[in-house]
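Written below as C-alpha cells is the structure these notes are about.
The values are calculated or read from the model by the stated rules, or taken from the named source; none is laboratory data. All values reported here derive from a predicted model rather than from experimental measurement. Virtual Cβ from ideal backbone geometry, glycine too; neighbours counted across all protein chains shown. Remember, those area values only see protein heavy atoms, side chains included, never the ligands or the DNA or RNA. Shrake-Rupley method; radii C 1.70, N 1.55, O 1.52, S 1.80 Å.
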Amino acid sequence: MLTLMKQEYYKTFKQNRLYIWLGLSVIFPLAIMGIFKSQRGAGSITDLGHATFYVYLVGIIITALSVSQEFGFGTIRPLLSRRFSRGMIFTSKLLLNFSIYIALFIGAFIGTMIGQLIFAPNFDFSKRVSYAGNAWQTMGITVMGTLLQMIFVAALVLLITNLVKSSGAAIGLGVVMIVGTPILSTISMLLINMAPILKWNPFNIFIGMASYGQASPSVIKSMVHMSQGTVIIAYLVYIFIMYVIAYLIFKKRSV
Amino acid sequence: MALLEVKSIDKSFGKKKAMTNVSFNVETGHIVGLIGPNGAGKSTTMRAITGLMSYSNGTIVFDGKPITFSNHQALDKVGNLIEYPSIYPNLTALEHLTLYAMDTKDSADFKELMHKTQIDGDNFGKRKAKNFSLGMKQRLGIAIALIRNPKLVILDEPMNGLDPQSVHDLRELIRDLANQGVAFLISSHLLDELQKLVDDVVIINHGKIIETATMTEFFSHDKVRWVMDTSDNEATVQLAKANKWTVTVDDGHVQISGADNLQHVITAMNHADIQIKSLNTVTGNLEKSLLDMLANDDKGE
C-alpha cells in the first residue's frame, strides 16, 4: 500500500497543474479580498476568502481525472496488471485525492491569512460571528462542511468516471452538485411532497449537509424534515454506499 | 512444470465466445509466438494472463501460482506491453522507469536497460513522453515491461512503429534475455520477424487454439519446394508423378516437393533430357503455413 501511495504521489508531483492549482488556492482568497472591499469581513474570511468554492471545484476535477486519465493514457493496464489488488489501488487513489483536498484547503487558508493581514488587519477572530461561535470556530465548521460535501460529490464523480471512463460527464455532475443546489432543493421538495419517505433521497441529505454551519439546527430541521444528527448519519451512509458501488464497478471492470 | 500454464480458458462477451478451451504452455527461456488473424483472441488471451480481464473456466498458473482476475500476486515477475505503450505524457523516460521500479527491490539496471532499449540517446531520458514519436513510445513501453527483471514478458505487437534497425536490435535483446532464462509470449503480425525469433508457436483462430508446436515441428508440415522453369513442363510433371513427388504447375512454373533432395530431381531430369531454365528453392514460410492453416480451419468450421 505504501508503495502504491509513493507511486501515486510521484506521478502527481510531476504534474505542473498540481502546482498551478495549489498556487491559485493561495491567490484566490487574496484576489477576492484585494479586489472587493466588501469581501474583507467575517463572511468572507471564515469562508477562506470564498476559496471553498474554488477548492470544491478543483477537488472534483482532480477526483475525476485521477481515474479517467489512467484509462485515457492506457496506464490503467500496468496499474492493474501487478501484484496489487484493485481494492488497494482504489484506496490509494482515494487517499491521494483526499490529501490534495487538504493541501488545497491549507493553500486557501494561507491565502486568507495573508489577505487578512494585508486587507483586514483589524479583524478580530475571537469575536462571535455566527451561531457556531467565533471566526475560528465558524471557519472550522465551514471547512469541515465543505470537505464532507466534497467527499460526497467525489464519491458520485468516481462512480460516474468508473462507469463511463470519461472525466467530462463526472465533472459536469460535480459542478451541478455545487452550483445547482437551488435546483436540487426544488427536486427534493417535490419528491418529499410526493411521499414523506422520500425525505431520505440523496439530494435532501446533501442539502441538509450543505446547510451545516450556514443555518441553525432548527432551520435545517424544518428544511429537510430531520434532525442535524440524522442528516450526518444518513450522509455518512450515503457516502459509504456510493464508495462501495464505485469500488465494485472499478473492481469488475475489464480493461 | 512449465513457467506459464494456460489450461482450458473460456471467455465470452455476451453471446460471443472470445476464447474457447484455450490451452498452451510457455517454458522458461522460450520465446513463444501467439499468432492469429485480427480478432482471433490474441489480446484477449494476453489480457486474461495479466489479470486485466476475467475468464469463466480453466486456470492460469504462473511459476506455480494461480492468476485470476481478482488474485494476481504472481504477476510480480511478469512484464507486459499490451496493445500500445502505457505512457504518462508528463513524465520522462527515466521517470517512467523510476515509477515502475518502485514496487520491486529487484529492478533492472536503469542505465543498461535504457541503453539496450535505445532510450538513452539524444536527451531521450530527459524529454517528456508527450513529445515522443510512436517508435520512441514503443521502445519505452518495452523498457517498462523489462524494468522489474521479469521471468515472463508478454509483448503484444512489440515491433509496432519501430524502424528496421530497432526491430533488429529488439530481436537481439529478446534473444539475449531468453538465453538468460526469461520467457516471452509475443504476438505480432510481422510474421517474417516472428519467424526469426520464436522457438514455439501457438496458433489461435476464432478464439480456439488450432496448433501448438515448436518451429521445427510447425515447418515439418511445410516441406522444401523447388520452383522451376523447364524446356518441357508437361514432361517434368510426368517425370515427377512417376517418381511419386508432389507436383503442381502454377503460372507457368513447375513446383516440386517430396523428393529426398534436389540432386535427385536434377539427375532424373537430366536422364529425361529436360533442361532447367531457372530454379528457386522455397523453404518453410510462417506466413504461408499460417494462411494455409487458417484456411483449412475456416473450411472445417
Fill in the blank from the handout: Rounded to the nearest 10 Å², the accessible area of B:Leu134 using a 1.4 Å probe with every protein chain kept is 110
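If I take R0 = 56 Å and measure r between the Cβ atoms of B:Ala213 and B:Asn131 in this structure, what FRET efficiency does the formula 1/(1 + (r/R0)^6) give, to the nearest 0.05? Write down the numbers at each step before the final one.
On the way: r = 43 Å, r/R0 = 0.78.
Calculated value: 0.80.
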Exercise for the section: Specify the angular offset, from 0 to 90 degrees and rounded to the nearest 10, of the alpha carbon long axis of helix B:262-271 from the longest principal axis of the alpha carbons in chain B. Expected result: 20
Handout entry: Percent of beta bridges antiparallel (DSSP, segment B:4-220, rounded to nearest 5)
Key = 55
Handout entry: Cα gyration tensor shape for segment B:225-283, rounded if a/c is under 1.5, else prolate or oblate
Key = rounded
Problem - Positive-end residue of A:Val224, B:Met102, A:Gly145, charge dipole of the protein assembly as shown with Cβ unit charges - result: A:Val224
Problem - Accessible-area order (highest first, 1.4 angstrom probe) of the listed residues A:Arg77, A:Arg40 - result: A:Arg40, A:Arg77
Problem - Dipole in debye (nearest 20) - segment A:103-255, about Cα centre, beta carbon charges: Lys, Arg +1; Asp, Glu -1 - result: 380
Handout entry: Contact surface B-A: accessible area buried, both sides summed, square angstrom, 1.4 angstrom probe
Key = 2600
Problem - Signed unit charges on C-beta, dipole axis of chain A, positive-most listed residue A:Leu184, A:Pro202, A:Ile114 - result: A:Pro202
Practice task
With viscosity set to 1.306 mPa s and temperature to 10 °C, compute the Stokes-Einstein D of segment A:2-252, Rh being the Kirkwood radius across alpha carbon pairs; µm²/s, no decimals.
Solution key: 82
Problem - Accessible area (Å², 1.4 Å probe, nearest 10) - A:Thr3 - result: 40
Exercise for the section: Would you mind getting me the FRET efficiency between A:Leu117 and B:Gln180? Use the beta-carbon distance for r and R0 = 60 Å, nearest 0.05. Expected result: 0.40
Fill in the blank from the handout: Volume per residue (Å³) of the convex hull spanned by the alpha carbons of chain B is 169
Exercise for the section: Nearest 5 is fine: what % of DSSP beta bridges in the protein assembly as shown come out antiparallel, could you say? Expected result: 70
Practice task
Extending each Cα 7 Å along its Cβ direction at B:Asn243 and B:Lys17, get the distance between those two points in nm, one decimal.
Solution key: 4.6
Fill in the blank from the handout: Of the DSSP H helices in chain A, the ones reaching 30 Å or more along their long axis in Cα terms and averaging at least 0.0 in Kyte-Doolittle hydropathy are A:51-73, A:86-119, A:135-164, A:228-252
Exercise for the section: With +1 on each Lys and Arg Cβ and -1 on each Asp and Glu Cβ, and nothing else charged, work out how big the dipole of segment B:225-283 is about its Cα centre, in Debye to the nearest 20. Expected result: 180
Handout entry: Zero-based 5 Å bins, Cα pair distances in segment B:189-301, whole percents
Key = 2, 10, 19, 19, 13, 13, 11, 8, 4, 1, 0
Exercise for the section: Calculate how steeply helix B:286-300 sits against the longest principal axis of the alpha-carbon atoms of chain B, using the helix alpha-carbon long axis, and give the answer as 0 to 90 degrees to the nearest 10. Expected result: 80
Handout entry: Accessible area of chain B belonging to carbon and sulfur atoms, whole % at 1.4 Å probe
Key = 48
Fill in the blank from the handout: Rounded to the nearest 10 Å², the accessible area of B:Phe69 using a 1.4 Å probe with every protein chain kept is 40
Completion exercise
Here D for the protein assembly as shown, in µm²/s, from Stokes-Einstein with a Kirkwood Rh over Cα pairs at 25 °C and 0.890 mPa s, works out to 87
Fill in the blank from the handout: Under the helix-only model (-39500 (n - 2.57) for each DSSP H run of 4 or more, divided by the residues of the protein assembly as shown), the mean residue ellipticity at 222 nm, to 500 deg cm²/dmol, is -17000 deg cm²/dmol
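So which of A:Lys251/B:Lys116; B:Lys116/B:Lys151; B:Lys65/B:Lys137; B:Lys77/B:Lys137 end up more than 27 Å apart, counting from Cα to Cα? Don't jump to the answer; show the numbers that get you there.
Details: A:Lys251/B:Lys116 36 Å; B:Lys116/B:Lys151 18 Å; B:Lys65/B:Lys137 32 Å; B:Lys77/B:Lys137 22 Å.
Over 27 Å Cα-Cα: A:Lys251/B:Lys116; B:Lys65/B:Lys137.
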Exercise for the section: Using the Cα centre as the reference, give the magnitude of the dipole from point charges on the C-beta atoms of chain B (Lys, Arg: +1; Asp, Glu: -1; all else neutral), rounded to the nearest 20 debye. Expected result: 1120
Completion exercise
Non-local residues with an amide H under 5 Å from the amide H of B:Ile210, with H modelled 1.01 Å from N and Pro and chain starts lacking one, are B:Ile203, B:Ile204, B:Asn205
Completion exercise
Note, B:Glu172: beta-carbon cut-off 15 Å, +1 each Lys/Arg, -1 each Asp/Glu, net 0
Problem - Listed residues B:Met114, B:Ile266, B:Thr283: farthest to the positive end of the dipole of chain B (Cβ charges) - result: B:Met114
Exercise for the section: Report, by chain and number, residues whose modeled amide H sits under 5 Å from the one on A:Phe36, excluding near sequence neighbours (fewer than 5 apart, same chain). Expected result: none
Handout entry: Computed FRET value (nearest 0.05) for A:Ile35 with A:Val179, which takes r as the C-beta separation and R₀ as 25 Å
Key = 0.75
Fill in the blank from the handout: The correct ranking of A:Ser44, B:Ser231, A:Ser218 by accessible area at 1.4 Å, largest first, is A:Ser218, B:Ser231, A:Ser44
